[in-house]
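Data block below; observations after.
Computed from the coordinates by the stated procedures, all read-outs in this text should not be read as laboratory data. In this text the structure is predicted, and so the values were computed from the model without any measurement. So basically every Cβ, Gly included, is an ideal-geometry build from the backbone, and we count neighbours across all protein chains shown.
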Ligand code: GCO
Ligand code: MG
């Protein structure tokens, strides 16, 4: 089999998605998610203008060779645009291989290691009351794990409270929205949120929280310590992703489990955190870190150090990425937890998915390949809409990590 064509489809069914399609002379098509929130067209151009021509004529079965050809052959290494583009090619090739062999992708990754993939939902609220109420809604739907984010006294625009009922959508069309962040009210408020959540929801449900890279190491240590009584499953991104050694300080002061990795792109961004056991969950995204080929390496490396997987899976990645995560999480031994935000309703008109939610888990379908089909005609009805993620500032106007 040979690759005859490759192109991206950029569409906006409720939000922007970039999908790579790879076509072969056998008439098979594979899809990969190339969405990078707020920078979508950069990846589309990387693929259409620089990568597509390199794929034509190649045997799509040679996934490892194509991966290294794109990674090492570009000379310029790593970075979100490059690694998302490589990830899209990689996932599309796994999809094609599954279709060619008439088997689901998880079978190619080692086979089924579990019944289903336990997921966590996103409970948000403008106030603690609203957020805890939303969390109860997830528990009633059968979720066993819920991330909770809320507005707090003195902090009205927290990260994680945005548009959407069963999802959280931060990107806005037009110019970036500005939010105010202050560590004082945040550090005082979050323990109150979880005190309330435990009092209302009990101890059976796993609870999570995302600090979204906003704290200094000492602030992160304080937060982890003050959350210990509420036994979180994980505290996510407590400090800026670049400051890896600062996790030693956090780790020395708290036993609240730590999850990091959604802005990482390669194993080289993760290996210090994993090898020094500074984290408990590695959250690298299939789409943003070189696809399944590379993520399997990260997972196997992490397994040696008792670190489990917790793939990033927000609504700003398409159902193609979620399906790829589910195949990966179904097959990998050191699975931890999978993020699950539901997509806007219009997305279902463009992406026909085989996976389904039941009993707190997502289940991969046994369709060949990834089990997701892109309806290109319908995609054309939802043209791309420029949108940006928000920007955070301190009260005095200083730009802060969003
Ligand atoms: C998460 C993330 C997202 C990111 C988003 C940016 O844990 O799901 O933090 O909500 O903010 O993916 O585009
Ligand atoms: Mg996050």
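The long axis of helix 183-201 is offset from the longest Cα principal axis of the chain by roughly 90 degrees.
According to the Cα-based calculation, Rg over Rh for segment 93-245 is 1.06, with Rh computed by the Kirkwood formula. Binning the alpha carbon pair distances of segment 273-357 at 10 angstrom intervals from zero yields the distribution 18, 49, 25, 7, 1, expressed in whole percent. Each peptide in 304-312, 99-107 was scored by the mean count of other Cβ atoms within 10 Å over its residues; highest first, the order is 304-312, 99-107. Volume per residue for segment 45-149 equals 161 cubic angstrom (convex hull of Cα atoms).
Obtain the nm distance between the two label points defined at residue 61 and residue 77 by a simple spin-label model: each point lies 7 Å from its Cα along the Cα-to-C-beta direction. So the label points at residue 61 and residue 77 sit 3.1 nm apart. The relative contact order of the chain, computed from alpha carbon pairs under 8 Å that lie at least 6 residues apart in sequence, is 23 percent. Full extension of the chain between residue 268 and residue 130 yields a length gain of 45.7 nm, computed as 0.36 nm times the residue separation minus the alpha carbon distance. When the inverse distances between all different Cα atoms of segment 7-49 are averaged and flipped, the Kirkwood radius reads 10.8 angstrom. Please give the direction-averaged projected area of the C-alpha convex hull for segment 120-192, in square nanometres with one decimal. With every direction weighted equally, the projected area is 5.1 nm². Per the Debye formula on identical point scatterers at the alpha carbon atoms of segment 348-402, with no solvent, log10 I(q)/I(0) at q = 0.12, 0.26, 0.28, 0.32 Å⁻¹ is -0.60, -1.01, -1.06, -1.16. Binning the alpha carbon pair distances of segment 185-281 at 10 angstrom intervals from zero yields the distribution 16, 51, 26, 7, 0, expressed in whole percent. A convex hull fitted around the alpha carbon atoms of segment 253-402 yields 166 Å³ per residue.
Relative to the current alpha-carbon distance between residue 103 and residue 195, full extension at 0.36 nm per residue lengthens the span by 28.5 nm. Projected over every direction and averaged, the convex hull enclosing the alpha-carbon atoms of the chain yields 17.9 nm².
Of all DSSP beta bridges confined to the chain, the antiparallel ones make up roughly 50%. Relative to the longest principal axis of the Cα atoms of the chain, helix 80-101 runs at roughly 60 degrees. Put in order of Cβ neighbour count within 10 Å, fewest first, the listed residues 301, 194 become 301, 194.
Taking the fewest neighbouring Cβ atoms within 10 Å as the starting point, the ordered list for 141, 1 is 141, 1.
The length gained on full extension between residue 177 and residue 53, counted as 0.36 nm times the residue separation minus their Cα-Cα distance, comes to 40.9 nm.
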